[in-house]
Amino acid sequence: MAFPALTFVAVFSLYPAMDSFLLSLYSDFPGPERSFVGFGHYAELLHDPVAHQAFIVTLGFVLLSTTLELLMGTGIALVVHERFRGRGWVRAAVLIPWAIPTVVASQMWRFLLNDQYGAINAILFGDRVNAYVPWLADPWTAFGAVVLADVWKTSSFTGLLVLAGLQVIPEETYDAARVDGATAWQRFRHVTLPLLKPALLTALLFRTIDAFRVFDLVFVMTQGGPGDATQVIQFYGYKTLFTEGRVGYGTTISVTVFVAMAILSLFYVRTVGSKVLQREPA
Amino acid sequence: MNGFHAVFSIASSSPLRRLSPWAVGLFAASLLSNVPFAHCRDFGTARGSSPTLVSSPVTLHFVTWKADHPRVWDEAIQRFEQVHPHIHIKREIAPHSSTAYHDLLTQKLRNRDGSLDLFFMDVIWPAEFATAGWALPLDDYFLPSEREKFLPATIASGMYRHHIYGVPSRIDGGMLYYRKALLEKYGFSPPSTWHELVHQAQAILEGERTTNPLLRGYSGQFKQYEGLVCDMLEFVGSHNGSFLTDDGRRSNLTAPESLQAVQFVREQIIQRLATPAALTYQESESLAVFLQGNAVFHRNWPYAWGLANDPQYSKIVGKVGVTTLPRFSEGKSTAALGGWLYGISAYSRHPAEAWTFIEFMASPEMQKHFAVHASLAPSRLALYADPEVLHANPQYKDLLSVFQTAQPRPRTPVYPIVSHVLQRYFSRVLAFPETDIREEAQEADRKINRFLALLRDL
């Protein structure tokens, strides 16, 4: 029974990954004869200031966006978990940002943040047109804008995961806590949060891995600029591979990201996964 | 908005995953052919195997970009199909942005897509396409007697190592648009030096502050993309600087002329006249500022003339002038050379028919069609004396000299790499005002030199 599945994995995951790895061991130049350079490209990557910067930008993006998304997601989940009139509509509405294709959302944010006709400037400054800020022109606000767009778009996804976690917490535990005289905050702090941990960790896992692969937001909103301030590692890899045509170095970047994510996933599955599984029977 | 479609098709999954099938295909191809990358094809064979011009119907696959004037192109292709009913042109519309178009096209060519016959090459690509063996050499089709009728700069951009790979569809050169009425109001004539431009812009900004608080002195393309390289080439070139040394073998960014020009852009153009918002502008955004009447001076390609005088897009119809770009007092005016060349894929199965198409589209009649209806500057010299062309584009008369002296960007098979290094360098020094220009230039120099050195053994 395992054979078809294994074949599928081998053909569509293992082979391309191994092939990319092999490609990364060959030189890009000069000319027609590619020569075997072993781990030369990997050594080059270690000393490439552009790659270092891209890695730092990516890490910053991952840390900032995942943290904010977990906070926002939990907030959203707590709200739509409550019973109120029109909850079904609100729940559906919350998911809209997540349902919009990232490219469309990125394009939308680019327009919203435009220095002349962008809605954000109009809301913040109204008629004081001289105060309008070119958000994507400054390295720091441009980076912030990319994070903001990601948080806007995926907070509802974390919200969904956390909501699933909230729904499996039995109502009786809250009743018991109330009987013991726990305040709303105490109920949240000592009942909800511990029982929510598996869901939160799952959301964290999904979001970190996803954030590491961020590409489309940057591609549409900033093209990595200004001054490479928003150039994430995947975009750098893309430019190297597809625009510059440096197959060896480009795949080296891809393979490195792949390995980094594989290690991260393994770590998560080992530590977080076991916790999630332990909690499951409860 | 440019590149929107491209983004849609390529950004939907992670690059890592997208790489895989591509990598597989590439690897498989390399196993089969034994000549993995730059596959120099004997084009004689390619031609011999192609069907001769009989009237069996042929469909040519033409990968083109989303045109600024789609209807003008539709009409041109219709005309071709009327004259050559046995050839059908099937267009695949790629992104408008040069880089996104390049990425899509080169991916097809790396995969040796036999269904692809015709494409456009930006003037910066022939060296790369020739070295990789993607573009069919056109020496036997595009004869020297015919080449003589084109502007020399456009022919030079299609040549690499004594072969010709592209037929110029038009020429582009950077030029200075200005608000004629505004300049007259303040008693200025169009500036001939950059310092004059700064002086005039500031006087006008001062005077117009109450009537139009949104008015800026200058609007150009300073986003981190290919256009930034063109704009900066013009500043550096007009200060007697250059990106590469004269022999094209070394990077020349740390020369004092270059450094001073870059510093001028940072301090005078970005921080005083254009505002840092220009760091997010490509052609269309910067043109929009000008067409809304919010810029005194504007740098753009020839196509902007038509739009600036079209009441549907422009608030400044009839109040616009265009002239050569300014220079520094010790340099000469420099326009970046742009433009698009028709090319035939080395893997095309119908090169003869493809040539029929190119010959038709690059003919004087069709170039006239594009010049009159889309204000695309012809690559054929004779059309600059054509009354109809001049009637639609009176500015060509004065600007012919710009086209004749337009400055090419570095011609090298590794141009995409050189361009990325230049984009990073310029964008960093403009966006981070505290950076040391010399240090950044040194870093860029080192990287460019490394790649140029790799090519020497080629």
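Key figures for this structure:
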| item | result |
| --- | --- |
| Filtered residues of region B:398-425 (kept if among the aliphatic types (A, V, I, L, M) and out of contact with any helix residue (DSSP H, G or I) (no Cβ under 8 Å at 6 or more places or on another chain)) | B:LEU399, B:VAL402 |
| Within region B:114-137, considering residues that are in a loop (DSSP other than H, G, I, E, B) and closer than 20 Å to B:GLU226 by Cβ, the one farthest from the other protein chains (Cβ to nearest Cβ) | B:VAL123 |
| Every residue from region B:426-442 that is more than 9 Å from chain A (Cβ to nearest Cβ) and either in a loop (DSSP other than H, G, I, E, B) or touching an Asp or Glu at 6+ places or on another chain (Cβ under 6 Å) (or both) | B:PRO433, B:GLU434, B:ASP436 |
| Matching residues in region A:228-246 - criterion: being at the interface with chain B (Cβ under 7 Å from one of its Cβ atoms) and β-branched (Val, Ile, Thr) | A:THR243 |
| The one condition in (1) within 14 Å of another protein chain (Cβ to nearest Cβ); (2) farther than 30 Å from B:VAL414 by Cβ that A:ALA93 fails to fulfil | (1) |
| Residue satisfying all of: in region B:243-256; modelled with pLDDT of 95 or more and over 17 Å from B:VAL414 (Cβ atoms); nearest to the other protein chains (Cβ to nearest Cβ) among these | B:THR254 |
| Meets criteria (more than 20 Å from B:ILE270 (Cα to Cα) and at pLDDT below 95) for B:ALA444 | no |
| In region A:157-175, the residues that are loosely packed, with under 13 Cβ neighbours inside 10 Å and assigned to a helix (DSSP H, G or I) | A:GLN167, A:GLU171, A:GLU172, A:ASP175 |
| Top-ranked residue of region B:278-308 - restricted to ones that are among the aromatic types (Phe, Trp, Tyr) and part of a loop (DSSP other than H, G, I, E, B), ranked as nearest to the other protein chains (Cβ to nearest Cβ) | B:TYR281 |
| Filter pass, A:THR202 being at pLDDT below 90, crowded, with 17+ Cβ neighbours inside 10 Å and either over 30 Å from B:LEU430 (Cβ atoms) or within 15 Å of the chain's Cα centre (by Cα) (or both) | yes |
| Meets criteria (farther than 19 Å from B:ALA406 by Cβ and crowded, with 20+ Cβ neighbours inside 10 Å) for B:ALA346 | yes |
| Extreme residue, surrounded by the most Cβ atoms within 10 Å (Cβ to Cβ), among residues of region B:73-96 that are outside any helix (DSSP H, G or I) and out of contact with any strand residue (DSSP E or B) (no Cβ under 8 Å at 6 or more places or on another chain) | B:HIS84 |
| Selection status of A:LEU6, assigned to a helix (DSSP H, G or I) and surrounded by 12 or more Cβ atoms within 10 Å (Cβ to Cβ) | no |
| Residue tally, condition part of a helix (DSSP H, G or I) and either crowded, with 18+ Cβ neighbours inside 10 Å or more than 8 Å from chain B (Cβ to nearest Cβ) (or both), over region A:14-26 | 8 |
| Which numbered condition A:VAL129 misses (of (1) closer than 30 Å to B:ARG424 by Cα; (2) within 14 Å of chain B (Cβ to nearest Cβ)) | (1) |
| Candidates B:GLU388, B:GLU434, filtered to the one that is assigned by TED's automatic domain parsing to the domain that holds B:PHE243, acidic (Asp, Glu) and surrounded by fewer than 24 Cβ atoms within 10 Å (Cβ to Cβ) | B:GLU434 |
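Yes/no matrix, rows are residues, columns are (1) closer than 29 Å to B:HIS96 by Cα; (2) buried (at least 21 other Cβ atoms within 10 Å of the Cβ); (3) of a type outside the set (A, V, I, L, M, F, W, C):
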{"site": "B:VAL167", "(1), (2), (3)": "yes, yes, no"}
{"site": "B:MET175", "(1), (2), (3)": "yes, yes, no"}
{"site": "B:SER242", "(1), (2), (3)": "yes, no, yes"}
{"site": "B:ALA255", "(1), (2), (3)": "no, no, no"}
{"site": "B:ARG272", "(1), (2), (3)": "no, no, yes"}
{"site": "B:PRO276", "(1), (2), (3)": "yes, no, yes"}
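Results for (1) away from every other protein chain (no Cβ under 14 Å); (2) acidic (Asp, Glu), shown as yes or no for each residue.
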position: A:ASP28; (1), (2): no, yes
position: A:ARG34; (1), (2): no, no
position: A:GLY38; (1), (2): yes, no
position: A:GLU44; (1), (2): no, yes
position: A:ALA51; (1), (2): no, no
position: A:SER65; (1), (2): yes, no
position: A:GLY75; (1), (2): yes, no
position: A:ARG85; (1), (2): yes, no
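The values are calculated or read from the model by the stated rules, or taken from the named source; none is laboratory data. Nothing here was measured: the structure is a model prediction, and the numbers come from that model. Note: ideal-geometry Cβ built from the backbone for every residue, glycine included; neighbour counts use all protein chains shown.
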